[in-house]
1. In the stretch 47-62, what residues are open to solvent by less than 40 Å² (accessible area, probe 1.4 Å) and of a type in the set (Gly, Ala, Ser)?
2. Anything in the stretch 15-25 that is under 12 Å from Leu57 (Cβ atoms), outside any loop (DSSP other than H, G, I, E, B) and open to solvent by 60 Å² or more (accessible area, probe 1.4 Å)? List them, or say none.
3. With Val96, Val118, Val106 as the choices, which residue is within 17 Å of the chain's Cα centre (by Cα) and modelled with pLDDT under 70?
4. Have a look at Leu28, Leu37 and point out the one that is of a type outside the set (Val, Ile, Thr) and assigned to a loop (DSSP other than H, G, I, E, B).
5. Take Lys29 and decide whether it is open to solvent by 70 Å² or more (accessible area, probe 1.4 Å) and modelled with pLDDT of 80 or more.
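The values are calculated or read from the model by the stated rules, or taken from the named source; none is laboratory data. Predicted, not measured: the structure shown is a model, and the values here were computed from it. For neighbour counting, all protein chains shown are included, and Cβ atoms are generated from backbone atoms with ideal geometry for every residue, glycine included. Note: areas computed on protein heavy atoms with side chains; ligands, DNA, RNA excluded. Shrake-Rupley method; radii C 1.70, N 1.55, O 1.52, S 1.80 Å.
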Amino acid sequence: MYTDHFYTSLPLFKSLHAANTRACGTVLKNRVGYPQLLVSKCLEKGASFTLASDQLLAVKWKDRKDVYMLTTMQADTTVAFRERGAPADKHKLVCVTDYNKLMGGVDLSDQALQPYLVKRKNRAWYEKVAPYLIQIATYNTFVLFKKAQGTLNFLEFQEKVVESLLFESPTPGQTLESEDV
């Protein structure tokens with residue numbers, strides 16, 4: 001399981017490890033229990049520093065900014081990569097490369113939804129869950145729509161979905177791009 005900094009915590013990762021679920025994610029440097037030895041360590045760009053316990057690996061890696069991670073699935077190993085325009089291979093921790101590769105879809109969906117978020121300030125977190133899940137489902141449907149050579153952008157797609165839900169439902173032969181909808 002890969003998580004972003006909002007969900008990553010030591011107690012969660014320990015519980016997941018106890019349940020035989022491997023996890024990796026970025027973490028806030030001021031999260032309760034995160035080793036302050038890592039936070040205070042000064043690193044040059046591309047360098048990393050790790051601390052390991054029996055089941056957890058805590059990581060600080062310096063890119064443009066400091067990146068803090070927790071993982072229960074990768075060891076303290078690096079992989080070679082070549083940066084564009086760089087003359088020689090560099091090394092990056094496996095947990096960082098895996099995280100970047102596998103969290104890309106989540107970041108893209110968050111980026112696509114950002115202008116259209118229906119979340120508003122309110123006290124109750126549960127009032128935000130249903131609208132957010134509907135938006136995620138709509139975005140996932142949009143991704144499938146685009147793979148089927150749909151030509152609408154996300155805003156137009158959302159408008160067509162709402163229009164078809166509020167007004168006359170399309171017949172089985174119609175598509176969202178039909179003028180009759």
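1. The answer is Ala47, Ala58.
2. If the condition is that a residue be under 12 Å from Leu57 (Cβ atoms), outside any loop (DSSP other than H, G, I, E, B) and open to solvent by 60 Å² or more (accessible area, probe 1.4 Å), then His17 is the only one that fits.
3. Numbers: Val96 fails: modelled with pLDDT under 70; Val118 fails: within 17 Å of the chain's Cα centre (by Cα).
Just one listed residue meets the conditions, Val106.
4. On the way: Leu37 fails: assigned to a loop (DSSP other than H, G, I, E, B).
Within the list Leu28, Leu37, the selection yields Leu28.
5. Yes, satisfied.
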